[in-house]
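First the structure, in the form of structure tokens, and then the observations on it.
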Amino acid sequence: MQLARRLMAVREAVRDLRADGSTIALVPTMGALHYGHLSLVARGREVADHVVASIFVNPTQFGEGEDFDSYPRTEEADRAKLESAGCALLWAPSREEVYPAGHSTSISVSGVTEGLCGDSRPGHFDGVATVVAKLFNQILPDYALFGEKDYQQLAVIRRMARDLDFQVEIIGVPTIREADGLALSSRNAYLSDDERKHAVALPDALGETAAAIVGGETVADAIIAAKAKLFEAGFATVDYIELRDAETLAPVETLERPARLLAAARIGKTRLIDNIAVEPR
Ligand code: PAF
């Protein structure tokens, strides 16, 4: 696996990979890689000839008081994982390479960024859209893969790519879960043993709520019950649990089309997010 830290170098490496007409899939990450990320690489290898992964802990998507400084940075282990997953090239730029002095352009997507994490993390999706647009321009991939775990992020990136005419196919990849159902996340590393045990209440609550809604309970009542379950399990706050349209992310009061139940909640100091599909019978 090649490694590039400078823009000129990554562009040259991508040009070489493409020289024989090969296609490229991009897997953007912030490192601290787990099996969820590696499933993106695996899918990338199915759809394209070469996979390029990026590791960049993007400062512009972290708000004040969030975990930018403490976000796990494990580049050496990440490199080994990407190499054995068959990644052809790792793009791991410095902060200065991505945001040189005087950088003053930002991309803001409306609509799908409203509510959910858009409310609890103001400015977050501007940072995501901006860095992903830059990654698309840096690598010019044919495909880009993102986990469904960050469902709103996936919707924001799809909208941004469509609205700005990026020639890239966005592929969403299903969430990978631990045996007990907890979605894999780099932030699970923050959980104490006790918090980890109780964190499973999040996917459990989503599953029960989805079943209740499909079974005819009102969305509002099912969500009240889900919040109670999370507090009972020891979650400190629930930022949101909401049913949204699976495509537009518009709020859903009655289940008539494919929807998505999305939640964000804090256990101890750790904010966890998760979501599942809810389909009418
Ligand atoms: O999902 C992530 O890890 C990040 O938000 C992304 C897409 C790599 C942009 O920094």
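Here is a yes/no grid of residues against (1) farther than 22 Å from Glu64 by Cβ; (2) in contact with a Gly (Cβ under 9 Å, 6 or more places away or on another chain):
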site: Ala80; (1), (2): yes, no
site: Ser106; (1), (2): no, yes
site: Val109; (1), (2): no, no
site: Pro122; (1), (2): no, yes
site: Phe125; (1), (2): no, yes
site: Ala129; (1), (2): no, no
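If the condition is being in a helix (DSSP H, G or I), within 16 Å of the ligand (Cβ to nearest atom) and in contact with a helix residue (DSSP H, G or I) (Cβ under 8 Å, 6 or more places away or on another chain), then region 147-196 contributes Gln152, Gln153, Val156, Ile157, Met160, Ala161, Asn188.
The criterion of being surrounded by fewer than 18 Cβ atoms within 10 Å (Cβ to Cβ) and either touching a residue at least 12 places away in the same chain (Cβ under 8 Å) or more than 16 Å from the ligand (Cβ to nearest atom) (or both) holds for Ile224. A residue that is under 17 Å from the mean Cα position of the chain (by Cα), of a type in the set (Phe, Trp, Tyr), surrounded by fewer than 22 Cβ atoms within 10 Å (Cβ to Cβ) and modelled with pLDDT of 95 or more occurs somewhere in region 20-35. If only residues of region 127-146 that are touching a residue at least 24 places away in the same chain (Cβ under 8 Å), more than 12 Å from the ligand (Cβ to nearest atom) and outside any loop (DSSP other than H, G, I, E, B) are counted, the one that is surrounded by the most Cβ atoms within 10 Å (Cβ to Cβ) is Ile139. State which residue is farthest from Glu242 (Cα to Cα) when the search covers only region 107-139 and only residues that are among the polar types (S, T, N, Q) and under 19 Å from the mean Cα position of the chain (by Cα). Among them, the one singled out is Thr130. For the criterion of being among the β-branched types (Val, Ile, Thr) and buried (at least 19 other Cβ atoms within 10 Å of the Cβ), Thr209 passes.
The values are calculated or read from the model by the stated rules, or taken from the named source; none is laboratory data. Predicted model only: the values in this text are computed from it and were never measured. Heads up, the Cβs are rebuilt from the backbone with ideal geometry, glycines too, and the neighbour counts pull from every protein chain shown.
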